[in-house]
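First comes the structure, then the notes that go with it.
The values are calculated or read from the model by the stated rules, or taken from the named source; none is laboratory data. Everything numeric in this text was worked out from a predicted model, so none of it was measured. Using ideal geometry, Cβ is built from the backbone for each residue, glycine included, and neighbour counts are taken over all protein chains shown. We work out accessible area using only protein heavy atoms, side chains counted, and drop any ligands, DNA or RNA first. Shrake-Rupley method; radii C 1.70, N 1.55, O 1.52, S 1.80 Å.
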Amino acid sequence: FADRSFMLAGFSFGAYVASQAAARLPEGARPQRMVLVGPSTERQQMAPVPADTVVIHGETDDVVPLAATLAWARPQSLPVIVFPLLLAI
């Protein structure tokens, strides 16, 4: 991996797997970017991730509450992109 750029991404449990994979890589083989969508922050012990990680979460996720992801992201100073509930008119 050291001579190639790559990214890690995951949705829900896959975001947990991506965080664990990134934490286990040697220093010179870190991903260039991480994207975590609806990370399973309440059900698994997510590893800390790089500061430039993109975290996306739904406002009304019925599996992992937004509050759980914000509580995980806050100590790492990670911004969280929130998709609001859209009501059909």
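Picking from residues in the range 64-87 that are over 17 Å from residue 53 (Cβ atoms) and not hydrophobic (A, V, I, L, M, F, W, C), the one that is surrounded by the most Cβ atoms within 10 Å (Cβ to Cβ) is 65.
Looking only at residues of the range 26-35 that are open to solvent by 90 Å² or more (accessible area, probe 1.4 Å) and in contact with a strand residue (DSSP E or B) (Cβ under 7 Å, 6 or more places away or on another chain), we find that the one that is nearest to residue 82 (Cα to Cα) is 33. Number of residues in the range 1-25 that are open to solvent by 50 Å² or more (accessible area, probe 1.4 Å) and either charged (D, E, K, R) or in contact (Cβ under 8 Å) with a residue 24 or more places away in the chain (or both) equals 12.
Out of everything in the range 45-63 that is assigned to a loop (DSSP other than H, G, I, E, B) and closer than 13 Å to residue 11 by Cβ, what residue ends up being most open to solvent (accessible area, probe 1.4 Å)? Out of the qualifying residues, it is 63.
A quick yes/no check of all residues on (1) more than 18 Å from residue 17 (Cβ to Cβ); (2) in contact with a strand residue (DSSP E or B) (Cβ under 6 Å, 6 or more places away or on another chain):
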residue	(1), (2)
37	no, yes
42	no, no
45	no, no
54	no, yes
58	yes, yes
66	yes, yes
71	yes, no
